[in-house]
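Presented below is the structure to which this report refers.
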Amino acid sequence: MTTEQHKEYETTLPKPSSRLVLVLYGVLALFVLGTGYLLYKNTQLTKEYTQGRETLRSAIQTNQRSIDRQQLTFGMKTFVWAVRNALLQNKPGEVNEYFNTLVKDKGVQEVLLVDPAGKVIISTNKKNQGIGFASRFPTYLLQQQDVYFNEKKPYELSAPVTGPNKRLGTLVMFYKPTPILAD
């Protein structure tokens, strides 16, 4: 092949037509629009997922508090009867055993028995035994006439221990619930 033929071959290559350029730009525009639409949809779906997740999380936590309240209130009523029976039989050592057994359960942080004058008689934390309840704990826990449940964490529970004709004391428990969902 001579150089003249080679030059002739190079110059005879078809030039891209304006129509082909328009098609390429059209395809490119469609690609950009499609990508933009997919990014927008992804953002919307992410927002929906986040909102749904938060709604579900809130519902689960509300349900957990409700179940905790129900179970702990029922357990506290039953426990008060056991403590009442031991106190009427003048067996404070038995109450102490109840407390020590109960505090071994996951979530139970502290259990206290407070006399009507506000002095801690028995506590699972021996540092609190013999002190005035009001010096370390909220006094509203001693003023309840029925089983009281406060859902602040740790949960606060209290219940009066009553004898046949007088109040023998108040049972107080602090309980830290096990979270169902990680925060």
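Number of residues in the range 85-129 that are in a helix (DSSP H, G or I), more than 23 Å from residue 163 (Cβ to Cβ) and either touching an Asp or Glu at 6+ places or on another chain (Cβ under 9 Å) or in contact (Cβ under 8 Å) with a residue 12 or more places away in the chain (or both): the value is 3. Condition test on residue 135, is it of a type in the set (Ser, Thr, Tyr) and surrounded by 14 or more Cβ atoms within 10 Å (Cβ to Cβ)? Judged against the criteria, residue 135 is not a match.
Residues checked against (1) aliphatic (A, V, I, L, M); (2) within 14 Å of the chain's Cα centre (by Cα); (3) open to solvent by 70 Å² or more (accessible area, probe 1.4 Å); (4) under 14 Å from residue 175 (Cα atoms):
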position	(1), (2), (3), (4)
55	no, yes, yes, no
61	no, yes, no, no
81	no, no, yes, no
85	no, no, yes, no
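Among the conditions (1) touching a residue at least 12 places away in the same chain (Cβ under 8 Å); (2) farther than 11 Å from residue 170 by Cα; (3) touching a strand residue (DSSP E or B) at 6+ places or on another chain (Cβ under 9 Å), the only one that residue 150 does not satisfy is (1). The set of residues from the range 131-141 being part of a loop (DSSP other than H, G, I, E, B) and closer than 12 Å to residue 120 by Cβ comprises 131, 136, 137. Screening residue 116 with (1) closer than 18 Å to residue 90 by Cα; (2) open to solvent by less than 60 Å² (accessible area, probe 1.4 Å) gives one miss only, at (2).
Among the candidates 165, 150, 100, the residue that is polar (S, T, N, Q), touching a helix residue (DSSP H, G or I) at 6+ places or on another chain (Cβ under 9 Å) and open to solvent by 20 Å² or more (accessible area, probe 1.4 Å) is uniquely 150.
The rows are residues; the columns are (1) among the charged types (D, E, K, R); (2) under 30 Å from residue 146 (Cβ atoms); (3) out of contact with any helix residue (DSSP H, G or I) (no Cβ under 8 Å at 6 or more places or on another chain).
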site: 29; (1), (2), (3): no, no, yes
site: 34; (1), (2), (3): no, no, yes
site: 56; (1), (2), (3): no, no, yes
site: 62; (1), (2), (3): no, yes, yes
site: 71; (1), (2), (3): no, yes, yes
site: 77; (1), (2), (3): yes, yes, yes
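The values are calculated or read from the model by the stated rules, or taken from the named source; none is laboratory data. All figures in this text were calculated on a predicted structure; none of them were measured in a lab. Neighbour counts are summed over all protein chains in view; Cβ atoms, including those assigned to glycine, are modelled from backbone coordinates with ideal geometry. Remember, those area values only see protein heavy atoms, side chains included, never the ligands or the DNA or RNA. Shrake-Rupley method; radii C 1.70, N 1.55, O 1.52, S 1.80 Å.
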